[in-house]
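Asker: Sharing a structure here in C-alpha cells format.
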Amino acid sequence: MTIRFDGKVAVVTGGAMGIGEAAARKFAELGAAVAILDRDAEAGAKTARALPAGKTRHAFYGCDVAVPAQVQKVMAAVTAEMGGIDVLVSNAGIQRYGDVVGTSEELWDEVMGVNLKGCFHAAKYAVPAMVQRGGGAIVVVGSVQTFTAVGNSAAYVTAKHALLGLVRAMSLDYAPQKIRVNCVCPGAIDTPMLRWAASLAPDPQKVMDTCDRMHPLGRVGRPEEVANAIAFLASDWASFITGASLLVDGGMLTPTGGMGFQEGGTGAATKQ
Ligand SMILES: NC(=O)c1ccc[n+]([C@@H]2O[C@H](COP(=O)([O-])OP(=O)(O)OC[C@H]3O[C@@H](n4cnc5c(N)ncnc54)[C@H](O)[C@@H]3O)[C@@H](O)[C@H]2O)c1
C-alpha cells in the first residue's frame, strides 16, 4: 500500500506559506485536490497556483480562521465547488510573546482566536462535510509547546496545550463517523514564522544557531518533514490512530530538561 489521496479533497488552513504550504504541496503530490485557506490572499493564491495539478484542481479561499462567519462560508464553498471535504489540516497559527502581566487582553484574545478557536471553527464547519463523505481525517498542528513551556509565551503555550484537549475530545466525538483526529507537534521549523521570531533579537543568526542546537539531530526541521507526518496521519496507513500526538521535533523533548536552551532562544528574544 502506498500513501495516495486520489479523489480526495484536502483543506489546509494557513496553507499560503511555511508548514501549511508544504502540507498543501504534499497532498497535491499525492493526488488530492487541495483547498488553501489563508488570510494572506496574495501569498495564498500564488501558492495554490504553484501546486502540482495533474488531473486535480486546487483552489485558494481567503479566510481568517478567527472569524467564524468567514470559515463557515469558505467551508461551504469548498464543499460545493470541490465536491466535499476528506482531510482537514488545521495549521493556521501566530506567534506572539509576553508573560501574563505583559500580555494585553487584546493580544491574549488574538492568539486564542487564531491558534485555538480557529481550529474549533475549522473543524466545526468541516466535520459535517466529512460525515457526508462517510469519514475523514483531521490533523491539527500543535507544537513541542503542546507539552512543554518556554518563557515569555503565555498565550501561545496555553493555546498549544489546549489544542491537544480539543484533538482528544473530537477524536471521541467523531470516531463513530469514521473521522480520525490527531495532532503533530513540531520542534523549530524553518518557516517565515521562525525567521520572524529570530529577527526580533539583536542577532538573528545567533537565535537560529541556538535553535539548531536545541535539537539532538543538530538542526531545525524543514516544513516538508512536518508535511510528511501530516500526510501519514491523514492517510490509511494511520487507519487505527486517533486521538494521538506525534512529535516531529528532531528529538528536542527527549533529553531531561527538554527545551533547556533558553538563552538566545526565540521566546527569550523579546524578554527584557
Ligand atoms: N515554525 C515553527 O518553528 C513551528 C513550530 C511548532 C509549531 N508551529 C506551528 O505550525 C503552524 C504553522 O506555522 P509556520 O511556522 O508555518 O507559520 P508561518 O507564519 O510561516 O505561516 C502561517 C500561515 O498561516 C496564515 N495565518 C495566520 N493567521 C491566520 C488566520 N487568522 N487565518 C488564516 N490564516 C492565517 C499566515 O498567513 C501564513 O500563511 C502554526 O500553528 C505554528 O504555531 C510552527
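The values are calculated or read from the model by the stated rules, or taken from the named source; none is laboratory data. All figures in this text were calculated on a predicted structure; none of them were measured in a lab. A quick note on method: Cβ atoms are made from the backbone with ideal geometry, for glycine too, and the neighbour counts reach across all protein chains shown.
Asker: Considering (1) of a type in the set (A, V, I, L, M); (2) at pLDDT 95 or above; (3) out of contact with any strand residue (DSSP E or B) (no Cβ under 9 Å at 6 or more places or on another chain), say which one LEU51 fails and leave the rest.
Answerer: So the condition that LEU51 fails would be (3).
Asker: Now for a separate question. Please verify whether SER143 is hydroxyl-bearing (Ser, Thr, Tyr), surrounded by fewer than 21 Cβ atoms within 10 Å (Cβ to Cβ) and either modelled with pLDDT of 95 or more or more than 7 Å from the ligand (Cβ to nearest atom) (or both), treating the condition exactly as stated. Steps first, please.
Answerer: Numbers: hydroxyl-bearing (Ser, Thr, Tyr): yes; surrounded by fewer than 21 Cβ atoms within 10 Å (Cβ to Cβ): no; either modelled with pLDDT of 95 or more or more than 7 Å from the ligand (Cβ to nearest atom) (or both): yes.
Judged against the criteria, SER143 is not a match.
This table checks each residue for (1) more than 21 Å from GLY15 (Cα to Cα); (2) surrounded by fewer than 17 Cβ atoms within 10 Å (Cβ to Cβ); (3) β-branched (Val, Ile, Thr); (4) more than 14 Å from the ligand (Cβ to nearest atom).
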position	(1), (2), (3), (4)
VAL157	yes, no, yes, no
VAL167	no, no, yes, no
GLY221	no, no, no, no
ALA234	no, no, no, yes
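Asker: In the range 188-211, which residues are without any contact (Cβ under 8 Å) to a residue 60 or more places away in the chain, surrounded by 14 or more Cβ atoms within 10 Å (Cβ to Cβ) and within 12 Å of the ligand (Cβ to nearest atom)?
Answerer: Answer for the range 188-211, where residues must be without any contact (Cβ under 8 Å) to a residue 60 or more places away in the chain, surrounded by 14 or more Cβ atoms within 10 Å (Cβ to Cβ) and within 12 Å of the ligand (Cβ to nearest atom): ASP190, MET208, CYS211.
Asker: Can you name every residue in the range 9-34 that is away from the ligand (no atom under 13 Å from the Cβ) and either buried (at least 24 other Cβ atoms within 10 Å of the Cβ) or assigned to a helix (DSSP H, G or I) (or both)? Reasoning before the result, please.
Answerer: Initially, the range 9-34 is screened for residues away from the ligand (no atom under 13 Å from the Cβ), giving 9-10, 26-34.
Hits for the range 9-34 are VAL9, ALA10, LYS26, PHE27, ALA28, GLU29, ALA32, ALA33, VAL34.
Asker: Taking the criterion of being within 12 Å of the ligand (Cβ to nearest atom), assigned to a helix (DSSP H, G or I) and not polar (S, T, N, Q), would at least one residue in the range 170-181 satisfy it? Break it down stepwise before answering.
Answerer: Just the residues of the range 170-181 that are within 12 Å of the ligand (Cβ to nearest atom), to begin with: none.
No, the range 170-181 contains no residue that is within 12 Å of the ligand (Cβ to nearest atom), assigned to a helix (DSSP H, G or I) and not polar (S, T, N, Q).
Asker: Quick one: in the range 81-116, of everything that is more than 15 Å from the ligand (Cβ to nearest atom) and of a type in the set (Gly, Ala, Ser), which residue is surrounded by the fewest Cβ atoms within 10 Å (Cβ to Cβ)?
Answerer: Taking the candidates together, the pick is SER104.
Asker: Just one of LEU246, LEU194 is modelled with pLDDT of 95 or more, in a strand (DSSP E or B) and not polar (S, T, N, Q); which is it?
Answerer: LEU246
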